[in-house]
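*Asks:* Take this structure, written in structure tokens, and hold onto it; I'll ask about it next.
The values are calculated or read from the model by the stated rules, or taken from the named source; none is laboratory data. In this text, all values refer to a predicted model and were calculated from it rather than measured experimentally. No Cβ is skipped: glycine too gets one built from the backbone with ideal geometry, and neighbour counts run over all protein chains shown.
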Amino acid sequence: MNASLDLVYNMSSSLYVFDTLPELQQKLLLSIDKNPGIRYRELLRLINSSNGVLSYHIDRLEKMDLVIVERRARMTRFFPRNISNEIMGVMGFLRNQTSYEIIKLLYDRGPISQQEIINYTRKAASTISWHMKKLLDDNIVCIKDKNIIYDGNNDVGIKTQHKKLNLYDLLNRNIVNGLIYKTNNYIDSAINNYSDIMDSF
């Protein structure tokens, strides 16, 4: 039998063996394990089920403490039970195209300014600002340093004006290192099996 079919989950001192679950719940657990951070609508398409049926079985799995359900404004994501909050947070952002591009850019070139991020991604300044705020609020990105930019004439007797520019970097590069290149596509793409991801740490 495939190793993934031998999943055993521990809840309240009782063992819940994968094979004892209904077939649809088994399929849901395997789909979530292979696609950490998958959204509700993606999961609905993946298992080819009705909204009511999916909602019922997800509710059952959550009550049995077999999956982690992350609920945010207008978005719900699902994660395997054996995943840390830090990795879960990064995975959620890596499944968004713009956030992925920002994180990868910071991973490759950080610390850099927000203007450099705008230039590289070719996104509107307002779009990058919105995503940067989310990344900062969730402690994925931090302000690493301030770079002084000089303007004006440096000739003697002429006052030089300057301003400080925030430089951004990843807060935890080690976690990103284990995930960044395991994302197959951009928008809500499937990250490889969680077990494979953990093997890289």
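*Asks:* Among the residues of segment 119-141, which ones are free of Cβ contacts under 8 Å to residues at least 40 places away in the same chain and surrounded by fewer than 16 Cβ atoms within 10 Å (Cβ to Cβ)? Spell out how you get there, then give the answer.
*Replies:* Step one: filter segment 119-141 for residues free of Cβ contacts under 8 Å to residues at least 40 places away in the same chain, giving 119-133, 136-137, 141.
Matches in segment 119-141: ASN119, ARG122, ALA124, ALA125, SER126, THR127, SER129, TRP130, LYS133, LEU136, ASP137.
*Asks:* Only one of these is of a type in the set (S, T, N, Q) and either closer than 21 Å to ILE180 by Cβ or modelled with pLDDT of 90 or more (or both): ASN10, ASN2, ASN48, ASN96. Name it. Show your work before the answer.
*Replies:* Working: ASN10 fails: either closer than 21 Å to ILE180 by Cβ or modelled with pLDDT of 90 or more (or both); ASN2 fails: either closer than 21 Å to ILE180 by Cβ or modelled with pLDDT of 90 or more (or both); ASN48 fails: either closer than 21 Å to ILE180 by Cβ or modelled with pLDDT of 90 or more (or both).
The conditions single out ASN96.
*Asks:* Mind counting the residues in segment 54-102 that are more than 19 Å from ASN172 (Cβ to Cβ), outside any helix (DSSP H, G or I) and of a type in the set (Lys, Arg)?
*Replies:* 5
*Asks:* Can you tell me which residue in segment 24-39 is farthest from THR76 (Cα to Cα), limited to those that are part of a helix (DSSP H, G or I) and of a type in the set (S, T, N, Q)?
*Replies:* Selected residue: GLN26.
*Asks:* When you look at GLU62, is it of a type outside the set (Lys, Arg), modelled with pLDDT under 90 and within 21 Å of the chain's Cα centre (by Cα), yes or no?
*Replies:* Against the criterion (of a type outside the set (Lys, Arg), modelled with pLDDT under 90 and within 21 Å of the chain's Cα centre (by Cα)), GLU62 does not qualify.
*Asks:* Let me ask another. Working carefully through the options SER31, SER49, SER55, find the one that is of a type in the set (Gly, Ala, Ser), buried (at least 17 other Cβ atoms within 10 Å of the Cβ) and without any contact (Cβ under 8 Å) to a residue 60 or more places away in the chain.
*Replies:* Among SER31, SER49, SER55, only SER49 is of a type in the set (Gly, Ala, Ser), buried (at least 17 other Cβ atoms within 10 Å of the Cβ) and without any contact (Cβ under 8 Å) to a residue 60 or more places away in the chain.
*Asks:* Go through (1) closer than 15 Å to ARG39 by Cα; (2) touching a residue at least 24 places away in the same chain (Cβ under 8 Å) one by one and return the number of the condition ILE68 breaks.
*Replies:* ILE68 satisfies every listed condition except (2).
*Asks:* Is it the case that some residue within segment 93-106 is free of Cβ contacts under 8 Å to residues at least 60 places away in the same chain, over 29 Å from LEU29 (Cα atoms) and not acidic (Asp, Glu)?
*Replies:* Yes.
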